[in-house]
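The values are calculated or read from the model by the stated rules, or taken from the named source; none is laboratory data. Source: prediction; values computed, not measured. Using ideal geometry, Cβ is built from the backbone for each residue, glycine included, and neighbour counts are taken over all protein chains shown. Only protein heavy atoms, including side chains, enter the accessible area calculation; ligands, DNA and RNA are left aside. Shrake-Rupley method; radii C 1.70, N 1.55, O 1.52, S 1.80 Å.
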Amino acid sequence: MTTVRVVVTVVVKKGWDIFQLDVNNVFLHGDLHEEVYMEAPLGLVADQHSSSKVVCRLNKSLYGLKQASRQWYAKLTEALSTRGYQHSENDHSPFCKKTPSSIIFVGVYVDDVIITGTDPAEIADLKAFLDQKFKIKDLGRLHYFLGLEVLYKPDDILISQRKFTLDLLKEYQVFDYSSVASPLDPAIKLKAQEGNLLPDPTYYMKLVGKLNFLTNTRLDIAYSVQLLSQFMQAPRDTHLTAAFHLLRYLKKEPTLGVFFSNNPDCSIKAFCDSDWAACPDSRRSVTGYIVLVGDSPISWKSKKQETVSLSSAEAEYRSLRKVVGELVWLSRLFAELSVVQSCPIQVFCDSQSAIHIAHNPVFHERTKHIEVDCHFVRNKLQEGLISLYHVPLTISWLIFSQRPSQGSNTQVS
């Protein structure tokens, strides 16, 4: 989804057109390289005098086969390669074709395809080629992709999951409840062993899974959803109550989404923070970050750290490591899209200790227990990819916010 948001950001800032295609009977196009047999379908008349059971040998892929999606993808890759398209080196789903005068970008998710670029003639030729090869539906300008609704303004784009949110509220009958102003009740600290076990844990699991999908456009609930996700193995009534509290928060403004501005500024900047020892059960900290291109958010995450941090400085340093890893990948992806990035990329952190650890090449007693992989932040700092800045006031309101956006139908930093 981050790749999709990056593409949309480039489209709106560069003024490109973006189109959507749908492939008919997508899995039937794949070629099989193994011997696969299936039972004869009902209605197929075989030799009535034969005592042996008749089966069918498949020459092409079929829906239900484990290798169907892989074989379709191989077929599509082969077709696109004949027209000069190459795999992206940073994400296996996009394809790219560059010439001295143009660039065309193709994003593929099973049977959904998006096409954008600078050459309208090549886009039209590619559509005709794919239709001849696979039979496609040209859905025109991108409006609905993987559950994301794209709303075009005169020069800007708003991506939301309004329909998905309303369907979710209707499914769990939240319209009968009053709305609340925060994703979580700040007076309640959820614990793994507190409360009564739910008789049907799948009810909670399905709800949290759908909320997790909603974080693709609702960064304001990222912290809340990662917290609720920690109790999937043994959900209790207190956890379900907190999940419904989050649904009541969504009811307050179900149309919120991510706003992509046409501001030509394509510079990347990132903010990161940590909540030290936030988990009362494991005492592990929570990492949070958000990455913006100009004033448009494209990547965010809130996740519990893998190990216990012995100090708040270590927790902050680990959050730096996560966001710098994301920035390394994003910088390569933007380079493939021919969007030049000025280095160093600004990274803002509210811990001076973490910034000093990144700058200081000497291992001290207080930092020698930190894994070597975390110190790649220092390497990227020395290479000039990033520059670190201290934020005087905490930015945890941005990453761990429990407050809704103020009087707006968009979310911007």
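From the largest down, the range 201-345 spans 50, 41, 22 angstrom on the principal axes of its Cα atoms. For the residue pairs 163/322; 97/133; 13/97; 191/251, the C-alpha atoms sit more than 27 angstrom apart in 163/322.
For the Cα atoms of the chain, what angle does the longest principal axis make with the long axis of helix 120-134, in degrees from 0 to 90, nearest 10? Roughly 50 degrees between the two axes. Other residues lying with their Cβ under 15 Å from the Cβ of residue 166 contribute a combined charge of +3, Lys and Arg counting +1, Asp and Glu -1.
Solvent-accessible surface of the chain, taken per residue with a 1.4 Å probe and all protein chains present: 50 Å².
Adding -39500 (n - 2.57) for every DSSP H run of four residues or longer, then dividing by how many residues the chain holds, sets the calculated 222 nm ellipticity at -10000 deg cm²/dmol. For the range 234-338, the share of accessible area belonging to carbon and sulfur comes to 52 percent (1.4 Å probe, ligands and nucleic acids excluded). Relative to the longest principal axis of the Cα atoms of the chain, helix 162-171 runs at roughly 90 degrees.
Restricting to the range 231-367, what percent of DSSP beta bridges are antiparallel, rounded to 5?
Once the DSSP bridges in the range 231-367 are tallied, antiparallel ones form about 80 percent.
Compute the signed sum of charges (Lys and Arg +1, Asp and Glu -1) over the other residues within less than 14 Å, Cβ to Cβ, of residue 268. With Lys, Arg at +1 and Asp, Glu at -1, the neighbours total +2.
Measuring with a 1.4 angstrom probe and ignoring ligands and nucleic acids, residue 177 comes out at about 110 Å² accessible. Net charge of the neighbourhood of residue 248, taken over other residues with C-beta under 13 Å away and scored Lys/Arg +1, Asp/Glu -1, is -1. Once all protein chains are placed together, residue 14 keeps about 100 Å² accessible to a 1.4 angstrom probe. Helix 201-214 and the longest principal axis of the C-alpha atoms of the chain enclose an angle of approximately 90°. Across q = 0.20 Å⁻¹, the range 74-215 modelled as identical point scatterers on its alpha-carbon atoms has Debye log10 I(q)/I(0) values of -1.32, in the order of the q list.
Diffusion coefficient of the range 272-325 by Stokes-Einstein, Kirkwood radius over Cα pairs, 25 °C, 0.890 mPa s: 217 µm²/s.
Taking all protein chains as they are arranged and a probe of 1.4 Å, the heavy atoms of residue 329 leave approximately 60 Å² accessible to solvent. Beyond 36 Å, the tail of the calculated P(r) for the chain holds 38 percent of the Cα pairs. Expressed as a whole percentage, what fraction of the accessible surface of the range 42-147 belongs to carbon and sulfur atoms when a 1.4 Å probe is rolled over the protein heavy atoms? Of all accessible area on the range 42-147, carbon and sulfur atoms account for 52 percent.
The order of the peptides 378-386, 181-189 by mean Cβ neighbours within 10 Å, most packed first, is 378-386, 181-189.
Packing here is the average count of other Cβ atoms within 10 Å per residue, and on that basis the peptides 316-323, 256-263, 221-228, 353-360, highest first, run 316-323, 221-228, 256-263, 353-360.
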